[in-house]
Structures are given as structure tokens and as C-alpha cells.
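Engineer: Below: one structure in C-alpha cells.
What follows draws every value from the coordinates through simple rules; no lab data is involved. Quantities reported herein were computed from a predicted structural model and do not represent experimental measurements. With ideal geometry, Cβ positions are generated from the backbone for all residues, glycine too; neighbour counts draw on all protein chains shown.
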Amino acid sequence: MPPGGETVVGKSFRFVSLLLASLSLLTATPLAADEIRSPSLTALRIDWRAALDQLRTEVTSRPQIAGDFIFAPRRSVPRYDPRAMPALVQLNAVSSQFFTGIARSSVPVLLPFDAAAYLEAQRDRAPGTLALSRYQADFNPVDMFDAGPSGYSASFSLEPGAGDGMPSRVYARPVEVQITGSALVYDVADPTGGKGEQVKPLAATYPDLRRFIREGYVRYAFTRFGVAYVVSIQCLDSIAKPRRLACKEAYPVAERFLKGLRVAGGQRMRPLTDMASSIIDRPFARSPDFTYRPSGDIIPNTGYRNKAGHPDVMAYAQIRFPLEKAPAFVRSQSYGKRDKSDGPTAYPWRDNFCESRSFEVWQCGGGYGHQGEDIRAAECPPPGEGREPCDPKQRGVVAVRDAIVIRGVKDQAATLEVNSRTEHIRFRYMHMNPQALTADGMLNGRIVTEGEKIGVVSNYLDHPAGTSMHLHFDVQVFTRDGWIWVSPYLTLVSAYERLIHARGREVGPEIAGTPQPVAHALPEDVIKPDLREGSSGEDN
């Protein structure tokens, strides 16, 4: 008998038993009606040695400044001390002039910024006279940059006519390019995930690069240093127009961006850990009035091509409810007249995530639907003695988490991004007045705290009174396909229960369907370390 007292047959039997148990989780019957789960996340292993090797290659191509960087490791300090990799500390000092907080990124930051070329030019000219776009592949200074424990996100723009050798285009505005690098990826049951076509001119530089159009963006996904990176541009897969960027016009812009990527910073930190899905805690006390219909139970015949909704058992984050006060109601704004239950501002809540829209949403039948949930505040009660004053145009909207704001001056939507050791997630708010948001400083880079008032429920859609008075709220999580929309319905149910300190009651028929598979079903000791997704094969 081998050491440990377990035979080869015993080990094989144990493996098969664990495998069958895991598969049973994927094919189990639907969860109990009142169970809500947290998402599962995979933490990727980062190969910082490979990142240093790439940085050394980029720096040594500029002999004048190569001596400014120290690549010899400091053996006398802990391995996660920044001084253990002095070249990165030196690089962060240069890049932080333009990308605030870049050293907070737990992954190597790839940006179209040639730090070595910039430093070389700095030797001969005053820093204030250097045109930054010259060292950023002709892209404008960064519009948004956020770095944190799970990675980083950034957005740049390219002006019409900028960039040597770029083809002319019909689209007359600057093209915005986004990049995210993340050490955390959300495990979602995504049948279309991982697809795409190879881009032959970039295959030598990015062997696993995939190009695909998904949810209104052309995306370029690749892995480097064990990290998942995605470059994306919002576009339409249609004919080019002056006010609409066609995806074919976006291709050369994205590929110019990819060719310009260099190691711009980041810092080695303690590895993140996988997050297994689990049943979340909910208030013990029962609410006397809060009821909600099941996830996926949209109003009949309101889905794309009359398809049904998508049951989703996940609360993707434990958030503060986005409206300042209860009561509030998740109800359809587009098909409310078809729902005869109790009117637009009454319980039970009803999911409207997959109502028919022209937006691509991977979770919805046919791939199209509403990207989020519509929330309406309760109507003001009649004036009465002892009642607080109520202005229907001043119903507060609050930050659901401590987060950074992603929003340009003219944007109709405000997005909050959470970047922590346990989450990489975005929350988008729509229909608040953009002029008011701008006046309040709700712009790129603003830091907000959970519960902070960030606006009021409004009816803005292209112009005031463009829609009914409500808040559109949606959620995106980062996957190997980039940022994708997921159903926020049970996330809102869970948040509302915490707001009112009571548990709701699910009512109505059960939705037929299988719940999302729970990732990480196999125990860790059954998965070979060198075969795990994102592993670099060494202890990082």
C-alpha cells in the first residue's frame, strides 16, 4: 500500500465519486423559491516575471534610459514588498503622472503608453513641451483610469484623422477605446463565451487573441502574464454613418491600440483567492407587504419574439438599494399596461430584465432584451399632519457601493465601478438629468461612498420628459469576454430586504428552467494545479 494508506483504485473511485457529485450540482432541480446565491469568481495567477521580462525588452530598446531601471531583485525584502521589483517602482513613478494610482493595480497595466520613449525624449526637452499623444500611439490623454486590487480599467479616444496610416472613416466623432485587465473573472454559465475569430496581423504578438462582436461592442480578448485583458469599442454591426460607428470602422482603431500596448505599471501583491458560490444570508423577520414574482417571470409575450425571461438565482453583489427610501417598486415601464396585477407602483415586484428591446443581452432568449431593471419610487402620499414633505421630482438616488464614477460630461448614464480583492463589477444608472449630474461633479474619477446621494429619479432620455419617471439600473460583471450584462433582479430583491430590514415573499408560479451551474464544483485537490485556468505554472 502506498504512503497515506490509499490505493490507486481508491483514489480513482474517490475522483469519480467527486466528479459525479459535481455534475449533480449542474443538473440539480431548481433551488427553493426563497434561496438566493452569491456568484462564483476565479482568481487568476499572475506571472510577474514575464511582465518584467517584457518591460526589460521595451526599456533596453532605448539605450539612453535603460540604465535608469533596476531589474535585479531585492532579496532582503519580502517578496510582496514593492522594493522586491524596483523596475516596477521606477516605472510607476513615471506613469503615475498621467495615470493616477497606477501602482494600485494588482495586475501588469498594459496601455498604449511608451514610457521608455517618453523618458528618452524628456532628456532633450522640457516635460511641459512634450505632446503626450505622440507617446500614446496618437491617442488622446486618458479619459478614465481606475486601478485597484482586482486590476484596472481605462478609456482613451482617437480623433478623426489622427494616426498615421489610418483609413478614412465616415464616423465624424472621436472613437473611444476601453481596456480592462483583471485578476478576477466571474464564472457564469455562458454558452456563447470564449468564441471569436483570430486576427492574423496580430497573431504573433497575441497568440490567443479573439475578436468578436458582443452586446454592442467589438471586443478583442487575450491572456498575458496569466491575466485576462479585453479591449473593446462600442459600435454597430451595420453600415457606417456620421453619427454611428460601424464595427468595421472600429477594427483598425482597436488594432492600432493593441499594437501600441506596453507595460505601463502595476505592482505585485498578495494573490487573490477564488470565491465559491454560496447561499446568502437574508433578514429573519418577514415583511408584511413586500412580495415579488420569481426571477425571469416577465409579463407574458413581452420578451424578444415573445420569448420568456431568464431565471437567475444570483445576487451578484451585496449592495445598498439604489433608491434612497422605501417603498420602491421594480416594475415594467414599457409594458406596464399589460400587467393588470396592482398597477405600476405596487407589490409584487416583477422582473423586466428580458423585456423586448433592441439591445443585445446574452442571458435573454434570442440574445436581445432589456439590459437592466426599471425601478419606480412610490407616489407621494396625500399631505397630512406629521408627514414629511414629499416632492415627486426629488426622490433621491444613492450610490450602491463605495466606487469610482465612470461618466463623460455629456453621458446620459452614470456607471459606478467596484474594484476590490473580492469583486470587479459595474453598476449603471440611467434617466437622471445629465446636466444636473455634471453640475454635481458626477464625472470620470469621482469617488462616491455607499449611500451617498448622487441624483434624483428623473425622466431624461435624450431630452427631459423623454421617458416616464423611473430609474434604470443594471449590472455588469467582468468575464474573459469582457464586461457583460447580468440580471440584477435578485440583487435588487436582496438589497431591498436589507433596506427595509425584512424578508420578502416570492409569489406566483415557479419558472420552469435549470438554475445557473455553480462553478468550482470540483474540490481543489482534484484539479491539477498546472491545468487550472490562468495558472502560470509557478508560485506567484
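Engineer: Using only the alpha-carbon atoms, how far is helix 247-259 inclined from the longest principal axis of the chain? Give it as 0 to 90 degrees, nearest 10.
Structural biologist: 40 degrees
Engineer: Could you work out the relative contact order of the chain, using alpha carbon pairs under 8 angstrom and six or more residues apart, expressed as a whole percent?
Structural biologist: 19 percent
Engineer: Hey, what number do you get for the chain at 222 nm if only DSSP H runs of n ≥ 4 count, each worth -39500 (n - 2.57), divided across all residues, to the nearest 500? Kindly include the intermediate steps, with their values, before the conclusion.
Structural biologist: On the way: 8 runs with 85 residues, N = 540.
Mean residue ellipticity, 222 nm, calculated: -4500 deg cm²/dmol.
Engineer: Could you state the number of Å between the C-alpha centres of segment 172-210 and segment 247-285?
Structural biologist: After rounding, the separation between the Cα centres reads 11 Å.
Engineer: All other residues with a Cβ under 10 Å from the Cβ of Gly445 taken together, and with Lys, Arg as +1 and Asp, Glu as -1, what is their net charge?
Structural biologist: Working: positive: Arg407, Arg446; negative: Asp143, Asp146.
Neighbour charge sum, excluding Gly445 itself: 0.
Engineer: Related question: Could you tell me the distance between the Cα centroids of segment 354-414 and segment 35-66, to the nearest Å?
Structural biologist: Centre-to-centre (Cα) distance: 37 Å.
Engineer: Starting from the Cα-Cα distance between Ala439 and Thr291, subtract it from 0.36 nm times their residue separation and give me the gain in nm to one decimal. Write out the running numbers ahead of the final one.
Structural biologist: Values: separation 148, 0.36 × 148 = 53.28 nm, distance 3.75 nm.
Roughly 49.5 nm would be gained on extension.
Engineer: So how do His501, His370, His463 line up by other beta-carbon neighbours within 10 Å, fewest first?
Structural biologist: Values: His501 11, His370 29, His463 8.
Sorted ascending by nearby Cβ count, the order is His463, His501, His370.
Engineer: Sticking with this structure for a sec: Quick one: what are the phi-derived ³J(HN,Hα) couplings along segment 36-52, Karplus 6.51/-1.76/1.60 with θ = phi - 60°, whole Hz, x for glycine and proline?
Structural biologist: Result, ordered by residue: 10, 10, 7, x, 9, 10, 9, 9, 7, 8, 9, 9, 5, 5, 5, 5, 5 Hz.
Engineer: Towards the positive end of the charge dipole of the chain, with charges on Cβ (+1 Lys, Arg; -1 Asp, Glu), say which of Ala93, Thr467, Ala172 has the farthest Cα.
Structural biologist: Ala172
Engineer: Lys and Arg at +1, Asp and Glu at -1: add these up for the other residues within a Cβ distance under 12 Å of Gln178 and post the number.
Structural biologist: Computed value for this residue: -2.
Engineer: Here's another thing I want to ask about it. Between the helical axis of 489-500 and the dominant principal axis of the chain, each derived from Cα atoms, what acute angle in degrees is found, rounded to the nearest 10?
Structural biologist: Helix 489-500 and the main axis of the chain meet at about 70 degrees.
Engineer: For segment 46-265, what relative contact order do you get, as a whole percent, if you take Cα pairs closer than 8 Å and at least 6 residues apart?
Structural biologist: Dividing the mean separation by the residue count of segment 46-265 yields 22 percent.
Engineer: Relative to the Cα centre, what is the charge dipole magnitude of segment 46-265, using +1 at the beta carbon of each Lys and Arg, -1 at the beta carbon of each Asp and Glu, and rounding to the nearest 20 debye? Working shown, then result.
Structural biologist: Numbers: 27 positive and 22 negative charges, 27 e Å.
Dipole of segment 46-265, to the nearest 20 debye: 140 debye.
Engineer: Amide H of Gly303 versus every other amide H placed in the peptide plane: which residues, excluding those fewer than 5 positions away on the same chain, fall under 5 Å?
Structural biologist: Ser356
Engineer: Once both axes come from the Cα atoms, what is the angle between helix 86-95 and the longest principal axis of the chain, in degrees from 0 to 90, rounded to 10?
Structural biologist: With both axes taken from Cα atoms, the answer is about 70 degrees.
Engineer: Return the distance in nm (one decimal) between the two label points of a simple spin-label model at Val170 and Arg305, each offset 7 Å from Cα along Cα→Cβ.
Structural biologist: 2.7 nm
Engineer: Binning at 5 Å from 0, report for segment 46-265 what percent of all alpha-carbon pair distances ends up in each bin.
Structural biologist: 1, 6, 14, 18, 19, 16, 12, 8, 4, 2, 1, 0, 0
Engineer: Per the Debye formula with a single identical scatterer at each Cα and no solvent contribution, what log10 I(q)/I(0) holds for the chain at q = 0.07, 0.08, 0.11 Å⁻¹?
Structural biologist: Reported log10 I(q)/I(0), two decimals: -0.45, -0.58, -1.06.
Engineer: Under a Cβ-only charge scheme (Lys and Arg +1, Asp and Glu -1), can you give me the dipole magnitude of segment 462-506 about the Cα centre, in debye to the nearest 20? Please report the intermediate quantities before stating the final value.
Structural biologist: Values: 4 positive and 5 negative charges, 50 e Å.
Dipole size: approximately 240 debye.
Engineer: Please report, in debye to the nearest 20, how large the charge dipole of the chain is about its Cα centre when each Lys and Arg carries +1 at its beta carbon and each Asp and Glu carries -1 there.
Structural biologist: On the way: 64 positive and 61 negative charges, 143 e Å.
Dipole size: approximately 680 debye.
Engineer: Between Glu379 and Asp237, with labels modelled 7 Å along Cα→Cβ, what's the label distance in nm to one decimal, could you check?
Structural biologist: 4.4 nm
Engineer: Check which residues have an amide H placed less than 5 Å from Val361's amide H, if you skip close sequence neighbours.
Structural biologist: Correct list: Tyr368, Gly369.
Engineer: Separate question: Residue farthest toward the positive end of the dipole of the chain, with Cβ of Lys/Arg at +1 and Asp/Glu at -1: which of Ala264, Tyr135, Val230?
Structural biologist: The listed residue farthest towards the positive side: Tyr135.
Engineer: Right, here's the next one. What order do you get for 219-225, 309-315 when each peptide is scored by the mean count of other beta carbon atoms within 10 Å, highest first?
Structural biologist: Values: 219-225: 22.4, 309-315: 24.4.
Ranked by mean Cβ neighbours within 10 Å, highest first: 309-315, 219-225.
Engineer: In this model, which of Lys248/Lys410; Lys307/Lys410; Lys259/Lys410; Lys195/Lys248; Lys325/Lys393; Lys325/Lys453 are farther than 23 Å apart at the alpha-carbon?
Structural biologist: Working: Lys248/Lys410 25 Å; Lys307/Lys410 35 Å; Lys259/Lys410 30 Å; Lys195/Lys248 18 Å; Lys325/Lys393 14 Å; Lys325/Lys453 11 Å.
Check vs 23 Å cut-off fails for Lys248/Lys410; Lys307/Lys410; Lys259/Lys410.
Engineer: On to the next question. Could you give the semi-axes, largest first, of the ellipsoid that matches segment 36-158, computed as the square roots of 5 times the alpha carbon gyration tensor eigenvalues and rounded to whole Å?
Structural biologist: 27, 21, 11
Engineer: Less than 13 Å Cβ to Cβ from Pro201, Lys/Arg counted +1 and Asp/Glu -1: what total charge do the surrounding residues give? Please list the in-between numbers first.
Structural biologist: Details: positive: Lys200, Arg211, Arg256, Lys259; negative: Glu197, Glu255.
Here the count lands on +2.
Engineer: Return Tyr316, Tyr460 ranked ascending by Cβ neighbour count within 10 Å, so the fewest neighbours appear first. Show your work: numbers first, answer last.
Structural biologist: On the way: Tyr316 23, Tyr460 18.
Starting with the residue having the fewest Cβ neighbours, the order is Tyr460, Tyr316.
Engineer: Could you calculate the contour length gain from Glu450 to Ile213, that is, 0.36 nm times the residue separation minus the distance between their Cα atoms, to one decimal place in nm? All intermediate terms of the calculation are to be shown ahead of the outcome.
Structural biologist: Numbers: separation 237, 0.36 × 237 = 85.32 nm, distance 3.38 nm.
Stretched fully, the Glu450-Ile213 segment lengthens by 81.9 nm.
Engineer: Scan around Gly148 for amide H atoms under 5 Å from its own, H built in the peptide plane at 1.01 Å from N, and keep only partners 5 or more places away or cross-chain.
Structural biologist: It is Ser105, Ser106, by chain and number.
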